Amino acid sequence: MMSAQPARKTRLQPIPYRLRWRPEGLLPGAHPGHGEGVEGEFRRHVSLLRRPDPRRIDLRASLRDPFGDLKIREFAPRRSVPVAMLVDLSASMAFGGALQRQVAELGALLALSARRSGDSFALLGCDARLRADVFLPFTRRTGVEDEVRGLLEHAVAEGAGTEGLLEAANRLPNRRALVFLVSDYLIPEQRLAALLDRLWRHDVIPVVMRDTSLETSLPHWGLIELSDPETGTRRLVFMRPSLRQRWLDAARTRRQSIETLFARRGLRAFDLVDELDHEALARRLMAG
């Protein structure tokens, strides 16, 4: 397994995100929610007879009404949502130090953005179990982004299996949450389908980790040593153009299969390829 130095901390700027639903609950936040309130996002004018609340009478709208009806302002209250980051810590995620760099940066950015929006944030790291050493319960406290970065920078991905992600799904609140599911998705499709089905009530954004060096560094000819990070087995393979192409085709086919699995559930992934692109992430989150 390759060792990696923790990434140098950079000054992060929070990014906005748009929800595809109106959250419920009582805690104030930045997102237009269900129900009605005396403040928030303006929704429409309604008759005072329908909503007898003189505090919200709009005199201008009332004077413009041809029937002389008194109008009041109706608002959509702004609510907060839980934001969770579920991270695959199986051994394959250790490749190239992406966990300590890209994933740690992503976690810090999401935690900061959630806090600035008035939302709570949780981190759940998993391999074959839910990892207590990479766990942070829902919180809104100042500095949560530094805690998340520190946990991920020091996390060791060496476990076999991803069953802990199912346990993490059960730890999420009953109310709808925004969930970032971070993995290289080298997960058996049947297990991945079961995980996505377990997360049905939440708005899930799959974050797919990819390192292009796995493709670009493959030689056309020569002996290469392969190792399975989860089992530790190693073997020598004589690489040749035809075998190299079969491997690349198999990787492409698997990506297409995973994308189909997402599409069937109405999910659209964000590809984290080599480095975290803040602008691309912001575009994805604002698309809802």
(message) Among (1) open to solvent by 60 Å² or more (accessible area, probe 1.4 Å); (2) modelled with pLDDT of 85 or more, there is one condition His202 misses while meeting the rest; what is its number?
(response) (1)
(message) Can you tell me how many residues within the range 109-130 are surrounded by 22 or more Cβ atoms within 10 Å (Cβ to Cβ), over 21 Å from Arg176 (Cβ atoms) and charged (D, E, K, R)?
(response) 1
(message) With the requirement that a residue be in a loop (DSSP other than H, G, I, E, B), without any contact (Cβ under 8 Å) to a residue 60 or more places away in the chain and surrounded by 15 or more Cβ atoms within 10 Å (Cβ to Cβ), what does the range 158-180 give you?
(response) Glu163
(request) Go through the range 258-276 and count every residue that is modelled with pLDDT under 90 and either open to solvent by less than 80 Å² (accessible area, probe 1.4 Å) or under 25 Å from Arg20 (Cα atoms) (or both). (result) 2
(message) Being under 25 Å from Asp277 (Cα atoms) and touching a residue at least 60 places away in the same chain (Cβ under 8 Å) narrows it down to one residue among Ala122, Ala104, Ala111; which is it?
(response) Ala104
(message) Restricting to the range 250-281, and then to whatever is of a type in the set (Val, Ile, Thr) and out of contact with any Asp or Glu (no Cβ under 9 Å at 6 or more places or on another chain), can you tell me which residue is nearest to Leu109 (Cα to Cα)?
(response) Thr260
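When the range 181-206 is examined, which residues are found to be assigned to a strand (DSSP E or B) and closer than 19 Å to Leu130 by Cα? Lay out the reasoning, then the answer.
Taking the range 181-206 as the starting set, the residues that turn out to be assigned to a strand (DSSP E or B) are 181-183, 203-206.
Hits for the range 181-206 are Leu181, Val182, Ser183, Val204, Pro206.
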(request) Kindly check whether there is at least one residue in the range 140-155 that is at pLDDT 95 or above and in contact with a Phe, Trp or Tyr (Cβ under 7 Å, 6 or more places away or on another chain). (result) yes
(request) Give the residue, chosen from Ser62, Ser90, Ser80, that is farther than 30 Å from Ala169 by Cα and out of contact with any Phe, Trp or Tyr (no Cβ under 8 Å at 6 or more places or on another chain). (result) Ser62
(message) Among the numbered criteria (1) in a strand (DSSP E or B); (2) open to solvent by less than 10 Å² (accessible area, probe 1.4 Å); (3) modelled with pLDDT of 90 or more; (4) aliphatic (A, V, I, L, M), which one does Leu106 miss?
(response) (1)
(request) May I ask you to verify whether Arg171 is at pLDDT below 95 and farther than 27 Å from Val273 by Cβ? (result) yes
(request) Specify which of the listed residues (Ser117, Ser80, Ser62, Ser90) is in contact with a Gly (Cβ under 9 Å, 6 or more places away or on another chain), hydroxyl-bearing (Ser, Thr, Tyr) and free of Cβ contacts under 8 Å to residues at least 24 places away in the same chain. (result) Ser62
(request) Could you look through the range 80-100, keep only residues that are within 22 Å of Phe138 (Cα to Cα) and assigned to a helix (DSSP H, G or I), and pick out the one that is least open to solvent (accessible area, probe 1.4 Å)? (result) Leu99
(message) Any residue in the range 181-205 that is of a type in the set (Asp, Glu) sitting within a Cβ distance under 8 Å of a residue that is assigned to a helix (DSSP H, G or I)? List the pairs, counting only those 6 or more apart or interchain.
(response) Asp184/Ser92; Asp184/Met93; Asp184/Phe95; Glu189/Ser257; Glu189/Ile258; Glu189/Leu261
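The values are calculated or read from the model by the stated rules, or taken from the named source; none is laboratory data. This one's a predicted model, so the numbers in the text were calculated from it and none came from an experiment. Because the Cβ atoms are built from the backbone with ideal geometry, glycine has one as well, and the counts that use them run over all protein chains shown. Surface accessibility is based on the protein's heavy atoms, side chains included, excluding ligands, DNA and RNA. Shrake-Rupley method; radii C 1.70, N 1.55, O 1.52, S 1.80 Å.
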